[in-house]
1. With every protein chain kept in place and ligands, DNA and RNA left out, what is the accessible area per residue of the chain? Probe 1.4 Å, answer in Å².
2. Using a Förster distance of 22 angstrom, determine the FRET efficiency expected from the C-beta separation of E102 and Y69, and round it to 0.05.
3. Quick one: dipole size for region 1-84, taken about the Cα centre, charges +1 on Lys/Arg Cβ and -1 on Asp/Glu Cβ, in debye to the nearest 20.
4. When only DSSP loop residues count, what GluC sites (Glu not before Pro) in region 72-119 have their Cβ near at most 16 other Cβ atoms within 10 Å?
5. Which FRET efficiency value, to the nearest 0.05, do you get for H46 and E90 by plugging their Cβ-Cβ distance into 1/(1 + (r/R0)^6) with R0 = 35 Å?
6. With the full set of protein chains in place, find how many percent of the accessible area of region 13-119 is carbon and sulfur; take the probe as 1.4 Å.
7. Please name which of L21, C56, V113 has its Cα lying farthest along the dipole of the chain towards the positive end, using unit charges on Cβ (Lys, Arg +1; Asp, Glu -1) and the Cα centre as origin.
8. Given a Förster radius of 30 Å and the C-beta distance between E117 and N53 as r, what FRET efficiency does 1/(1 + (r/R0)^6) yield to the nearest 0.05?
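The values are calculated or read from the model by the stated rules, or taken from the named source; none is laboratory data. None of the values given here were measured: they were computed from a predicted structure. With ideal geometry, Cβ positions are generated from the backbone for all residues, glycine too; neighbour counts draw on all protein chains shown. These area figures cover heavy atoms from the full protein model, side chains too; ligands, DNA and RNA do not enter into them. Shrake-Rupley method; radii C 1.70, N 1.55, O 1.52, S 1.80 Å.
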Amino acid sequence: MANTCMYGMTVDGEPRDIETLASYLKGEQERKLFGVRSDETYYGNHHGLHVINGGCKNTVERSMLGTEYSYYHDADDKTPYTTLEQLSKELNLRIDVQGVEEFRERFIINKGVIEYEAD
């Protein structure tokens with residue numbers, strides 16, 4: 001597996017909630033996402049299309065989700081961390097995230113539920 005994965009996501013929801021999600025990915029909130037490179041996170045809103053791009057360690061699934069293959073799942077103390085599923089539920093968001101490294105992966109998370117995953 002690669003050491004770095006580039007990701008891109010489009011997010012649907014209230015603009016202030018999407019901005020809150022972006023602040024988590026930028027490392028500006030108390031809880032963090034494992035493996036997200038906060039200094040490589042960029043957020044833009046172009047005519048209502050909310051896009052967040054950046055880098056993470058390994059894969060999107062390993063760095064951002066709470067699946068059995070994730071850093072979050074492996075952590076003994078989960079208190080200082082969060083996942084895209086948790087944030088999607090808390091902020092009432094639909095997140096379509098794609099990662100590119102040695103292979104492509106895609107997850108659609110709607111209000112806390114992974115509705116689609118492909119790799």
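1. 55 Å²
2. The pair E102/Y69 has a calculated efficiency of 0.90.
3. Dipole size: approximately 180 debye.
4. Those satisfying the criteria are E102.
5. 0.90
6. 43 percent
7. The residue sitting most towards the positive pole is L21.
8. Between E117 and N53 the formula returns 0.90.
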